[in-house]
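Remarks on the structure that follows.
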Amino acid sequence: MIREERKLLWLVVGCLYLFFTVLKIYTFPNLSAMWQIEGSVFGFIVLVVIILSMRVVDMLLDRLYPYERSLVFRLVIQFVISISIVLTLRQFIFHFTRSYLPIPVTRELYILATAAHVLFIATIVLTMFGFRFFHKWRETELKKEILEREKATVQYDNLKNQLNPHFLFNSLTSLNSLIYENPQLASEFLQHLSKVYRYVLENKDKTVVTLDTEVRFIENYIELLTTRFADGLVISISLSDPALERRILPVTLQILIENAIKHNVTSKDSPLTIEIYDDNDYLIVKNNLQIKHTIDTSNKQGLDNLRNLYEVLVEKKMIVTQTDTTFAVHIPLI
């Protein structure tokens with residue numbers, strides 16, 4: 001039992017003790033104040049002994065018969081042992097203090113005291129179980145959260161690896177043709193390509209980056225795409241200064257742009273238009289819809305993984321909206 005739970009247990013015990021003390025004063029109003037005080041002090045000492053005994057029983061049963069074996073049977077065993085200890089202790093105390101009691105112990109009083117002790121023990125046993133159950137539940141939820149974060153981290157690494165050999169192959173193919181056709185442009189293309197991969201390497205261990213940093217990376221990425229798709233792809237960026245100071249997960253923009261290109265037709269006669277802007281604490285990536293009939297190398301999980309990442313890693317929701325003509329992803333700015 002952790003420290004916070006012990007404190008709560010003693011708080012519950014204190015409230016019960018106060019309740020029974022008030023009940024005693026109300027039931028026997030004619031007793032002297034001195035006897036009431038002495039009885040309360042003695043009762044508190046006995047109470048501490050009872051609680052410590054119940055804690056020892058609880059720890060022994062944890063070893064011999066844990067809750068996992070049978071919840072109901074464990075509770076019954078713990079209750080029976082605890083009430084036996086309390087009633088035995090009460091009989092022992094009653095035997096040595098009977099002649100000092102200021103009132104006769106009638107049958108009705110004995111039954112009432114027994115019922116009070118049973119109620120008290122049942123409350124404490126259930127309280128201990130409640131704390132144990134809550135502690136186990138909290139441990140389970142913590143382990144679940146850790147597993148979810150580890151899973152999200154793996155998914156995120158996979159997403160960042162979308163700058164994959166397929167993308168590198170296309171880039172090198174474009175570079176190869178440019179070397180002979182336009183060496184100057186080929187040199188610029190290679191510089192942009194190196195900056196794209198440098199960004200991924202520099203930020204591979206970071207959870208978030210500023211939007212300004214991400215935009216400077218994506219500008220190099222857009223240059224590569226422009227070389228590949230020419231007039232078939234139009235990307236515009238319009239972001240406010242406050243938004244640029246906010247943060248997002250690295251390569252978020254690259255993932256969304258690549259997703260739009262993967263699922264839509266890009267041609268000179270019907271260019272794919274992608275708009276990147278901010279609105280109400282969200283970064284929005286929006287494109288016109290001109291869906292491809294066949295899609296290469298798509299597992300259809302990219303957006304779902306990205307959505308899960310934002311919910312687990314930053315605890316904010318990503319929003320996806322679609323109309324007959326547009327598709328938009330709303331990324332929460334951190």
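Points worth noting:
- Residues of the stretch 230-258 that are touching a residue at least 60 places away in the same chain (Cβ under 8 Å) and not hydroxyl-bearing (Ser, Thr, Tyr): Ala243, Arg246, Arg247, Ile248, Leu249, Pro250, Val251, Gln254, Ile255, Leu256, Glu258.
- A residue that is modelled with pLDDT of 95 or more, under 21 Å from Val200 (Cα atoms) and among the hydrophobic types (A, V, I, L, M, F, W, C) occurs somewhere in the stretch 269-276.
- Lone qualifier among Leu211, Leu163 - being more than 30 Å from Ile93 (Cβ to Cβ), surrounded by 14 or more Cβ atoms within 10 Å (Cβ to Cβ), modelled with pLDDT of 80 or more and not small (Gly, Ala, Ser): Leu211
The values are calculated or read from the model by the stated rules, or taken from the named source; none is laboratory data. Quantities reported herein were computed from a predicted structural model and do not represent experimental measurements. Quick reminder, even Gly has a Cβ in these numbers, built from the backbone with ideal geometry, and neighbours come from all protein chains shown.
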